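Notes follow the structure.
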Amino acid sequence: MKYMKLGSKPDAFQAVGNCVRFVSSELETDVVINVGELKFHLHKFPLLSKSNKIQKLVSKSSEEGLDEIELVDFPGGSKEFEICAKFCYGMVVTLNAYNVVAARCAAEYLEMTEDVDRGNLIFKIDVFLNSSIFRSWKDSIIVLQSTDSLLPWSENQKVIGRSIDSIASKTSVDPSLISWSYTYNRSTSSLDKVTQSEIKFPDKTVYAPKDWWVEDVCELNINLFKRVMIAIKLKGRTDGVVICEALKTYAAKWLPDSADALVSSVNRLKNKSLAETIICLLPSDKDVSCSCNFLLRLLKFAILLNADEPLKEELIRSVGLKLDEACVSDLLIPSKSPQTTIYDIELVQKLVDQFVTKGRSNRNLKFTEKNGRNEGDFVLGHGSWLRVGKIIDSYLAEVARDPSLSVVSFIELSQSIPESARPIHDRLYCAIDIYLKEHLSLTKIERKNLCGLMDVKKLTTDASMHAAQNEQLPLRVVVQVLFCEQTRAAASIHTPRNNEEKWTKATPENPKSLRKQMDDLKVKEETGKLTKRGSKNAGSGVMLLPSRSRRIFDKLWIMGKGLGNGDNKSSETSASSQSPVSMVQGEIKSSSSSSRRRRYSIS
């Protein structure tokens, strides 16, 4: 820390109790100056030679016959007046970053200018500020912090403005040129791994990240922090990612994590002002620079603290544009009246709508009309859409336990993303299953509409087996699951057999070749084993279905046969009386007897 010593005489100030200060001298004191609760018994001559203000007050008190001089609203109080008085006596005074601003304001109050005496206190302090304090990073921060208690004097003397400009200029310096000390305790910052610059010293190498200045600036109060951040942004040399890192660090330091503490009556207004200020300071490219996690946290603060609507709408737009980077836990924002749900479902709906609007206007997304899809469908496999689909389905599973969540809200949120975002419906089925178990009073129509969101063909085998045993699902859905699984089982049996036949036909025919005869024998043996194994597995697979599912499947088998038409009518009628087990076994037997009778029907 930089410091400056003024004067050479020893300190002769003495105290009598807690309220009186006097100068030990052979000469008797001839003036009493009151500063706050302290009385200073001093000599007129040294004071009048340095302070124009004291000259005026002494003259005025003599005319009015007053014995004491009153200094009202003295900046810095009695402690700073004592520094100025010691300077007038030529006694030793030490100034540093902690007291230099107060001394400067006190000197201004006493009018200790060059007009009164050459080399006066104001001049010396200004030289010290410009040549030492503002060249030091730490001292500039300390000085700026000390100005808050000295308003409006520190503002009028432009100490605040010069401190801010010094800090902003240093944050814009190339990190490779930084040679001063700074505070940096964030050991697990993702920014560190990417933005490290090497500083070369004679004996060692030190690394300074681009956000080296963040923690020191975050020690400032919100008003000073705001002015510093505005100055840094105006310099135009700091990346938006670093700006967001600074805002994120400040929010983590000064805003409580607990919702109850955030909205408590004691700190509500303070927290609201702080949150609104941070939101206003977000960089213009916050959609790119700021993480979705941080933006969602700010949005949560804005909602709970009832921040201004334009700020909330802007945050919703920014979060919606990068919803694919969100975490489900960040989306679980408590709702506010008049909503009756535990979490703010309407907010998530807005975020999804914003993301959908962005996707539809994005030129990089191509519509696939050639595949017979609607104009609103998006390209399957687009990474961001797949991530959003997983996020929303997982979010639905979390909020499905809410007894106040209506079927309509659940369906609307589920349908707000395109079908191409859900190549697999396992997560959606999980959310529907939870909702059905938590809302047992649903009507038959509501259950039907809810389960209509799910495509059983997009369920994995594990999910299908669970659905086949799910007592909460409507009967029609269970039947659809069973039919789909039977179709998959039959397809899995015939696929390897067809591959073996194709391989056999591709072998050159030579009756006299011993190799061909051995290959034919091998193919027949393996085909026979595969057929038997497939028949056994298929039969056991059906028999392993739960009793409720088998009863449903047997009862509705004939109804399912009515879906066929054309040339298959006679074969479907003859098979309509068979059970699912016998039907599958019959199909396997028929397919293995002759390659000319490979047609089969499963409705």
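So the values come out like this:
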{"item": "Karplus (6.51, -1.76, 1.60) ³J(HN,Hα), θ = phi - 60°, over segment 124-133, in Hz, Gly and Pro reported as x", "result": "5, 5, 4, 5, 5, 4, 6, 8, 10, 4"}
{"item": "Accessible area per residue in Å² at 1.4 Å probe, computed on segment 67-123", "result": "40"}
{"item": "Most to least accessible of Val241, Val477 (protein chains only, probe 1.4 Å)", "result": "Val241, Val477"}
{"item": "Summed side-chain charge close to Ser172 - residues other than Ser172 whose Cβ falls under 10 Å, Lys, Arg +1, Asp, Glu -1", "result": "+2"}
{"item": "Relative contact order (%) - segment 204-352, alpha-carbon pairs under 8 angstrom, separation at least six", "result": "19"}
{"item": "Counting DSSP beta bridges with both ends in segment 19-115, the antiparallel % (nearest 5)", "result": "40"}
{"item": "Protection-proxy order for peptides 268-277, 433-442, each taking the mean of Cβ atoms within 10 Å per residue, highest first", "result": "268-277, 433-442"}
{"item": "Filter on Lys124/Lys233; Lys233/Lys253; Lys226/Lys358; Lys286/Lys358; Lys53/Lys86 - keep pairs with C-alpha separation over 23 Å", "result": "Lys124/Lys233; Lys226/Lys358"}
{"item": "Burial order of peptide ranges 256-267, 293-304 (average beta-carbon count within 10 Å, highest first)", "result": "293-304, 256-267"}
{"item": "Charge dipole (segment 14-90, unit charges on Cβ, about Cα centre) - positive-most of Val16, Gly65, Cys88", "result": "Cys88"}
{"item": "Neighbourhood charge, 15 Å Cβ-Cβ cut-off, centred on Ile243 and excluding it, Lys, Arg +1 and Asp, Glu -1", "result": "+2"}
{"item": "Sequence of Tyr343, Tyr3 when ordered by accessible area, the most exposed leading, probe 1.4 angstrom", "result": "Tyr3, Tyr343"}
{"item": "Cβ crowding within 10 Å averaged over residues, with 56-68, 30-42, 94-106 ranked highest first", "result": "94-106, 30-42, 56-68"}
{"item": "Accessible carbon and sulfur surface of segment 1-80 relative to its total accessible area, %, 1.4 Å", "result": "49"}
{"item": "With every protein chain in place, segment 414-467: carbon and sulfur % of accessible area (1.4 Å)", "result": "54"}
{"item": "Built amide H within the under 5 Å cut-off of Lys39, gap 5+", "result": "Val20, Arg21"}
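The values are calculated or read from the model by the stated rules, or taken from the named source; none is laboratory data. Just so it is clear, the structure is predicted and the values come from calculations on it, not from any experiment. Cβ: placed from backbone, ideal geometry, glycine included. Neighbour counts: every protein chain shown. These accessible areas exclude ligands, DNA and RNA; they are computed on the full protein's heavy atoms, side chains included. Shrake-Rupley method; radii C 1.70, N 1.55, O 1.52, S 1.80 Å.
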